[in-house]
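Reviewing the structure listed below.
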Amino acid sequence: VRPFLQSFTLDMNTALLELRFSESMRIIPLTVAANSLCLLNNITGAWARTVCLASSAVTTVVNGPNVTVALSHADMEALRFADRLAKAADNTFISFPPSFAMDMARNSIIAVPAGAPQMSVWVSPDVTPPQLLSFGLDMNTGLLSLTFDEVMRKSTLQIAGNLRLQATGAGGTSVTLSSTSWIADQVVGIQSNGTLVRNASIALVNSPVVAIQLGAEDFNAVRVLQFASAASNTFLALQSALIQDMNGNQAVAVPLSVALAVATFAADSVAPTLLWSQLDMSANVLSLSFSEAVHASTFVAPSLVLTNGYPALYPYYEARRLVPATAPITPDGHFIQLQLCAADANEIKRNRGLGKSLNTSVLVFETAFIADMYGNLMVPRPEHRPMPVNVFVPDTVRPQLAAFDFDATTGLLI
């Protein structure tokens, strides 16, 4: 008489598959290798799911009617990944060929075909909360990668308020990520100012690794605070509401006081670039927008020249090289405003062909005039590749007499 499978149970928390046969089975030839044992949900159509065990092992060592299979990490991940499978008894079925096992008399087991699979009598669904194992951060690209101990459902990701980058494992300087950051799978481009181009219609592929692209606001906030300059000052904390696994279990929180140290880190080595500028000759202010946050205190005025756009050797060339008295009036960030000192403002206004329109307002900097928050010097724009001002505001302020002197002896009025 050929043996048959009476029942089976599955525990998704202990990763154990228990098989109960009609009689004692030989353990030695019994194996789950070569995809001989499959779990399926017995659903037809788009939601049909089947996982054939590939690397799990029989742990029972004594011949008998009960056999325990320890599911491997890879097989468990495959089961977790599969929607509507191994979540309850009514969506967990088993199939196997007659070669799967034999009884003590070497009679092969009665096969359970995939077309008529056998349902589990009991399934313990996964209620174990997933844990963050490690994270990586690339300060050149702004890519934050989170690696969990199981497959995560990416559609449940809620970044805003639930992820915090910090300078130490106990807290300190920190930035809590906002909604400007987004799951990297749906980021199709990054504008020159760091703004993310997103496509929320892109289907997400669930996996243990969740990549997040830092938005301009969050990325620059980290830069301005000048941490995450090395692995030694890059830590991460998370709230449990950040994400769920495939069975709806929220992630284990990583408290602010015991934050996780970065595992893989790339320091910022990218030179900032000037993206946009505005010259306001009424307020005597030059506004500059960069590709990333810059350190205002590193500004070197003499490296920045305002020209009328003509080459230096051209007869109509006019220019003003700024003097150190011209300085930033805004804090560190991607947007910096310079207050032109009286000497610079008056010299620009004195030259009739300089700083009178967009066509006569061109910036040239043969060497960098500012650096980012990590000391990377900006990309120069020499005379052969100058940068025209994007917005020009003409001088509309009427002059006022500030003071006068009169010498009664000479009759000289100044």
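Under 13 Å from the Cβ of residue 295, count the other residues' Cβ atoms, weight Lys and Arg +1, Asp and Glu -1, and hand me the total. Display every interim value, and only then the final one.
On the way: positive: 223; negative: 268, 292, 332, 372.
Surrounding charge for residue 295 is -3.
Counting only the heavy atoms of the protein chains, how much of residue 58 is accessible to a 1.4 Å probe, in Å² to the nearest 10?
Roughly 40 Å² of residue 58 is accessible to a 1.4 Å probe.
222 nm [θ] for the chain, helices only, -39500 (n - 2.57) per DSSP H run of 4+, per residue, to 500? Mind dumping the intermediate values first?
On the way: 3 runs with 28 residues, N = 414.
Calculated from helices alone, the mean residue ellipticity at 222 nm is -2000 deg cm²/dmol.
Modelling each spin label as a point 7 Å along the Cα-to-Cβ direction, I'd like the residue 323/residue 158 distance in nm, to one decimal.
A separation of 5.9 nm, rounded to one decimal place.
Once phi is turned into ³J(HN,Hα) by the Karplus curve 6.51 cos²θ - 1.76 cosθ + 1.60 with θ = phi - 60°, what whole-Hz value does each residue of the stretch 44-50 show in order, with x for glycine and proline?
Running phi through 6.51 cos²θ - 1.76 cosθ + 1.60 with θ = phi - 60° gives 9, x, 5, 8, 5, 9, 9 Hz.
Please tell me the relative contact order of the chain in percent, rounded to the nearest whole number, where contacts are Cα pairs under 8 Å and at least six residues apart. Can you show the working numbers first?
Numbers: 1030 pairs, mean separation 48.3, N = 414.
So the answer I get is 12 percent.
Figure the gain on full extension for residue 232 and residue 337 (residue separation times 0.36 nm, minus the Cα-Cα span) and round it to one decimal in nm.
Working: separation 105, 0.36 × 105 = 37.80 nm, distance 3.29 nm.
So the chain would gain 34.5 nm between residue 232 and residue 337.
Each residue of the stretch 146-156 in order: what ³J(HN,Hα) in whole Hz does its phi give by Karplus 6.51 cos²θ - 1.76 cosθ + 1.60, θ = phi - 60°, with x for Gly and Pro?
10, 10, 9, 8, 7, 5, 10, 8, 5, 5, 8
Would you kindly state how much longer the chain becomes between residue 57 and residue 314 on full extension, computed as 0.36 nm times their sequence separation minus their alpha carbon distance, in nm to one decimal?
Values: separation 257, 0.36 × 257 = 92.52 nm, distance 8.24 nm.
Additional length available on full extension: 84.3 nm.
Return the carbon/sulfur percentage of the accessible area of the stretch 1-100, one whole number, probe 1.4 Å, all protein chains in place. Working shown, then result.
Details: 2570 of 4470 Å².
Of the solvent-accessible surface of the stretch 1-100, carbon and sulfur hold 58 percent.
Kindly sort 2, 321 by accessible area of their heavy atoms, largest first, with the probe set to 1.4 Å. Provide the component values of the computation, followed by the final result.
Details: 2 110, 321 135 Å².
The most accessible residue leads, giving 321, 2.
What's the longest bit of the chain with no exposed chymotrypsin sites (Phe, Trp or Tyr not before Pro), using DSSP loop states and at most 12 other Cβ atoms within 10 Å as the test? Show your work: numbers first, answer last.
Values: sites that count: 47, 316, 404.
Between exposed loop sites, the widest span is 48-315.
Can you work out the Karplus-derived ³J(HN,Hα) for every residue in the stretch 231-241? Use 6.51 cos²θ - 1.76 cosθ + 1.60 with θ = phi - 60°, whole Hz, and x for glycine or proline.
Karplus-based 3J(HN,Hα) across the stretch 231-241 equals 4, 5, 10, 10, 9, 9, 10, 9, 8, 5, 6 Hz.
Tell me, what is the per residue accessible area of the chain in Å², probe radius 1.4 Å? List each step's numbers first, then the result.
Details: 19390 Å² over 414 residues.
Averaged over the residues of the chain, the accessible area is 47 Å².
If you compute Rg/Rh (Cα atoms, Kirkwood Rh) for the structure shown, which of (1) 1.28; (2) 1.10; (3) 0.97 do you land on?
The value computed from this structure is option (1).
Are there cysteines in the chain with no second cysteine's Cβ under 4.7 Å away, and if so, which?
Within the chain, the cysteines lacking a partner Cβ under 4.7 Å are 341.
For the chain, with a Gaussian network of springs between Cα atoms less than 10 Å apart, report the residue from 169, 333, 115 with the top mean-square fluctuation.
Checking each option, the largest mean-square fluctuation is seen for 115.
Full-extension gain between residue 111 and residue 22, please, as 0.36 nm times their residue separation minus the C-alpha to C-alpha distance.
Stretched out fully, the residue 111 to residue 22 stretch lengthens by 30.7 nm.
Calculate how steeply helix 216-225 sits against the longest principal axis of the alpha-carbon atoms of the chain, using the helix alpha-carbon long axis, and give the answer as 0 to 90 degrees to the nearest 10.
The angle comes out at about 70 degrees.
Lysines within cross-link reach of residue 154: Cα-Cα under 27 Å, excluding same-chain residues under 8 positions apart?
Answer for residue 154, where 27 Å is the Cα cut-off: 87, listed by chain and number.
Quick one: putting +1 on the C-beta of Lys and Arg, -1 on the C-beta of Asp and Glu, what dipole do you get for the chain around its Cα centre, in Debye to the nearest 20?
Values: 22 positive and 29 negative charges, 127 e Å.
Rounded to the nearest 20 debye, it is 600 debye.
Taking a label point 7 Å from the Cα of residue 4 along the Cα→Cβ vector, which residues of the stretch 14-31 have an amide N closer than 15 Å to it?
Label zone hits: 20-23.
The values are calculated or read from the model by the stated rules, or taken from the named source; none is laboratory data. Being a predicted model, the structure only gives us computed values, none of them experimental. Neighbour counts are summed over all protein chains in view; Cβ atoms, including those assigned to glycine, are modelled from backbone coordinates with ideal geometry. Just the protein is used for accessible areas: all its heavy atoms, side chains included, with ligands, DNA and RNA removed. Shrake-Rupley method; radii C 1.70, N 1.55, O 1.52, S 1.80 Å.
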